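Please treat every number below as a calculation from the coordinates, not as lab data. No experiment lies behind these values; they were computed from the predicted model shown. Cβ placement follows ideal geometry from the backbone for every residue including glycine, while neighbour counts extend to all protein chains displayed.
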Amino acid sequence: MALIKVVMAKMGFDAHYRGAMMVARHLVQRGMEVVYIGNRLPEEIVRTVIDEDAQVLGLSSLSGNHMVMVPRILVLLQQEGAERVKVLLGGVVPTEDQKELLRQGVSAVFGTGSSLDAIADWIEAAVGHGPDAIQV
Amino acid sequence: MSSQTENALGGSLSQDYRTTSGIPVKAFYTPADVAGLDAVQDLGLPGQPPYTRGVHRDMYRGRLWTIRQLAGFGTPEETNGRFRMLLDQGATGINCVFDFVTNRGFSSDHPLAEGDVGQGGVAIDCLDDMRRLFDGIPIEDVSVSLVLSNPVGAGAIFAAFLAMAQERGIPWDKLRGTLQNDFLMETVVLTAPNILEPAFSLKLSVDVVEFCTEHLPQWNPISFAGYNYREAGADAVQEAALVIAHAVAVAEEMVRRGHPIDSFAPRLSSFFTADNDLFEEVAKYRAARRVYHRLFQERFKPQDPRSSRLRFHVQTSGSALTAQQPLNNVTRAAYHALAAVLGGAQSLHVSAYDEALCLPSEAAALTALRTQQVLVHETGVTRTADPLAGSYYVEQLTNEVEQRILAYLKQMDDLGGLVRAVESGWVHRELMGTSYDRELATTSGERKVVGVNCFTDDVPLEIELFRFPSALEQQRATLERLRAERDKGQTEAALERLRQAVLADENTMPHLVAAVRAGASVGECCDVFRALHGGWHQPLL
């Protein structure tokens, strides 16, 4: 059975990577494959998701650039026909922003204080334990 | 109610209790626990070696800590407004934070920067921005901390500050303040596109130290950012050990460049967090001062007593704050601030209660300032120096933290020193490991966080979030104007001289001041560094 594959990225210049690395490390512990690509532009992030054939994209925002970057990523995923990819957003995300981004197509938001297991559980439930389980 | 009480006690008294960094704690302490402690050699008096008890004899009676609340968001004008508000309300120093784009020395119109301009700090692109940032602020009277974390950009932005001061007729030797200028921030703590090689990043930071030693005798040219090492995952022992290892690395480089230790060491400064574990934090400050003093005495043999005194600013922990039940953060930050003061801090920022949700609103920033004022004027903690001295527990914990700091320093020495430890990825792995263990302890509920994994609310409390317009359009316009108005030949010549200085391994600071005056943007100056010494990959995974 193939592993769940997750691409993790920081957007733009957002420099705090600890949260993203903690999640990445935990997902690996939970048996997933994680590709961490660091600070990137929306186009590069979506390109990696497609090239890696990932089922999940994890985005981390602490600086507050998510309202500029995330909508652009969602549109690009749609243009690439990859809207089935689950987009998770973590970090410091105000409630209003969460609502708006969930409306636009983010699958789930995990703010500060979220448990690592809760994130991993959510992914397993949403994606299943392999690519065959994906509902296209 | 009864189930919540049981939760709060967290288990039986026979349980193995430890501090946050893993030091075992007994149910009580007796004189036997500190039997080996020599009150003269190991403690001394406040203001006397080994400075365990603080760097000043009369401590806060003689000089209160500087109330230095962090501020910075959006455009230079917006941040200038926040500075004025804080000074009007009783702050005694400026503490300016810059956005990531500025901190990393990129121009605001860089393609990656679109969502980050003015986020998390003020955007500064050139000399003209610096003029507006400090418009009407008496920088000849108020000490100014510029939180320029990364050596790649610290020099260029500081150069703009110096050029601005000169235009206002303020001699550089009258300026008081601090730069962060910490190569670990650039290579370990934070991430960015196109990172400088660790050894070159350290070189740039020492350029500033060298320049300030010659021209700005009242300026602290570097602040070893233990606070940020901690936020990136370190525990209290690792935080203090990395600060001290960093200070040693800078001092060694300055000595190698031919500067006597006493010409610069008195102005090296440090920056610590104040986190949840109150007594361990106090022990950390006390132990760090003792280790720092002894190590500097042993390695550099200074004559000036100030050369081996560890002075530090404290910022109360950001990562200990929670998005859930945000008003609890007022209480947390007050305990953190108390730890800093009991530990003898020289300067303090209290974090705002909304920081796990957004940049501090004016109301939250003001509450943080008031927290300091309550501490100063209502609690009586300023009356006497080092009030916890002689506590069996605190003295034993100070000894234990000291031993662990020394062991950690030895490990780094064995790896070939701090720069090698960074290059090899050892420091990254250490911080990530500690951080991950702590996250797991939170996830499992072993580590209790009120409002997060216990005493949670069904209906979340909403607070009003701070919003401000994007600074991107204004910064783009500023850059366009700069490029249109400057003498292109002069700018290019100045940048070429900067490039030659890097190639010849000269001090870059005079060339940065010249380049900024000649109309170079911060981004253009830093591109020179990146072109020659960029492209380093952080060994993260």
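If you take the Cα Rg of the stretch A:3-81 and divide it by 2.2 N^0.38 Å, with N the number of residues, what do you get?
Scaled against compact globular proteins, the figure is 1.03.
Starting from the amide H of B:CYS454, placed 1.01 Å from N in the peptide plane, find each other amide H under 5 Å away whose residue is 5 or more places distant or on another chain.
B:VAL449
Based on the mean of other beta carbon atoms within 10 Å per residue, what is the order of B:279-291, B:167-179, most packed first?
Those peptides, ordered most packed to least, come out B:279-291, B:167-179.
What angle, in degrees between 0 and 90 and rounded to the nearest 10, separates the Cα long axis of helix B:472-485 from the longest principal axis of the Cα atoms of chain B?
Approximately 40 degrees, to the nearest 10.
State log₁₀ I(q)/I(0) for the stretch B:127-236 at q = 0.09, 0.14, 0.18 Å⁻¹ as given by the Debye formula over alpha-carbon point scatterers of equal weight, solvent excluded.
Debye curve over Cα of the stretch B:127-236, log10 I(q)/I(0) at q = 0.09, 0.14, 0.18 Å⁻¹: -0.25, -0.58, -0.89.
Give me the distance in nm between label points sitting 7 Å out from Cα along the Cα-to-Cβ direction at B:ARG467 and A:GLU52, one decimal.
3.3 nm
Using +1 at the Cβ of each Lys and Arg and -1 at the Cβ of each Asp and Glu in chain B, identify which of B:LEU86, B:PHE134, B:VAL208 lies farthest towards the dipole's positive end.
Comparing the listed Cα positions along the dipole, B:VAL208 ranks first.
Roughly how many whole Å is it from the C-alpha centroid of the stretch B:363-423 to that of the stretch B:257-291?
8 Å
Mind jotting down a quarter of the surface of the convex hull over the alpha carbons of the stretch B:171-265, in square nanometres, one decimal?
6.5 nm²
Sort the stretch B:328-447 into rounded, prolate or oblate with this rule: let a ≥ b ≥ c be the square roots of the eigenvalues of the Cα gyration tensor; rounded if a/c is under 1.5, and if a/c is not under 1.5, prolate when a/b is larger than b/c, oblate otherwise.
Judged from the Cα gyration tensor, the stretch B:328-447 comes out oblate (a/c at least 1.5, b/c at or above a/b).
Can you give me the P(r) profile for chain B? Cα pairs, bins 10 angstrom wide beginning at 0, each as a whole percent.
4, 18, 29, 28, 15, 5, 1, 0
Roughly how many debye, to the nearest 20, is the charge dipole of chain A about its Cα centre, given +1 on each Lys and Arg Cβ, -1 on each Asp and Glu Cβ, and no other charges? Working shown, then result.
On the way: 12 positive and 16 negative charges, 49 e Å.
It comes to approximately 240 debye.
Write down the percent of antiparallel bridges among all DSSP beta bridges whose residues are both part of chain B, to the nearest 5. List each step's numbers first, then the result.
On the way: 2 of 30 bridges.
For chain B, the DSSP antiparallel bridge percentage is about 5.
Mind checking Rg over Rh on the protein assembly as shown, alpha carbons, Kirkwood formula for Rh?
0.96
Counting only C-alpha contacts under 8 Å and six or more residues apart, can you give the relative contact order of the stretch B:172-329 as a whole percent?
After rounding, I find 23 percent.
Let me confirm one metric for peptide A:108-116, namely the mean number of other chain beta-carbon atoms within 10 Å of its residues' beta-carbons. Let's see the in-between values first.
On the way: counts 0, 0, 0, 5, 9, 12, 4, 8, 6.
Taking all residues of A:108-116 together, the mean is 5.
Over the stretch B:60-104, consider all pairs of different Cα atoms and compute the Kirkwood hydrodynamic radius from their mean reciprocal separation; express it in Å, one decimal.
Working: mean 1/r = 0.0866 Å⁻¹.
Its Kirkwood hydrodynamic radius stands at 11.6 Å.
On a 0 to 90 degree scale, rounded to 10, what angle separates helix B:198-215 from the longest Cα axis of chain B?
The answer is roughly 80 degrees.
Rounding to the nearest 20 debye, state how big the charge dipole of the protein assembly as shown is about its Cα centre with +1 on each Lys and Arg Cβ and -1 on each Asp and Glu Cβ.
Roughly 1460 debye for the protein assembly as shown.
Pairs of alpha-carbon atoms within less than 8 angstrom and 6+ residues apart define the contacts here; what relative contact order does chain B have, in percent?
It rounds to 20 percent for chain B.
Mean separation of Cα pairs under 8 Å and 6+ residues apart, divided by the residue count of chain A: what relative contact order is that in percent? The partial results should precede the final answer.
Working: 225 pairs, mean separation 39.2, N = 136.
Dividing the mean separation by the residue count of chain A yields 29 percent.
What is the mean number of Cβ atoms from other protein chains located within 10 Å of the Cβ atom of each residue in peptide A:15-27, rounded to a whole number?
So the per-residue partner count for this stretch is 6.
Roughly how many debye, to the nearest 20, is the charge dipole of the stretch B:72-177 about its Cα centre, given +1 on each Lys and Arg Cβ, -1 on each Asp and Glu Cβ, and no other charges? Walk me through the numbers on the way to the answer.
On the way: 8 positive and 15 negative charges, 68 e Å.
Roughly 320 debye for the stretch B:72-177.
Can you bin the stretch A:47-96 into rounded, prolate or oblate? Criterion: square roots of the alpha carbon gyration tensor eigenvalues sorted a ≥ b ≥ c, rounded for a/c under 1.5, prolate for a/b above b/c, oblate for the rest. Walk me through the intermediate numbers first.
Working: a/c = 2.32, a/b = 1.84, b/c = 1.27.
Prolate is the answer for the stretch A:47-96, as a/c is 1.5 or above and a/b outweighs b/c.
Tell me, what are the semi-axes, in whole angstrom and largest first, of the equivalent ellipsoid of the stretch B:385-541 as set by the roots of 5 times the Cα gyration tensor eigenvalues?
They are 45, 29, 18 Å, listed from largest to smallest.
What residue among B:GLY416, B:PRO50, B:VAL502 has its Cα farthest toward the positive end of the dipole of the protein assembly as shown, where the charges are +1 on Lys, Arg and -1 on Asp, Glu, each on the Cβ?
Of the listed residues, the answer is B:PRO50.
What is the helix-to-structure angle for B:522-533, meaning the angle in degrees between its Cα long axis and the longest Cα principal axis of chain B, kept from 0 to 90 and rounded to the nearest 10?
Approximately 80 degrees, to the nearest ten.
Grab the other residues whose beta carbon is less than 15 angstrom from that of A:GLY31, score K and R as +1, D and E as -1, and report the net.
-1
For chain B, build the charge dipole from Cβ charges (+1 Lys, Arg; -1 Asp, Glu) around the Cα centre, then report which of B:ILE463, B:SER149, B:LEU37 sits farthest towards its positive end.
Of B:ILE463, B:SER149, B:LEU37, it is B:LEU37.
Just checking the output field for B:112-123: average partner chain Cβ neighbours within 10 Å of each residue's Cβ?
Mean number of neighbouring Cβ atoms from other chains: 6.
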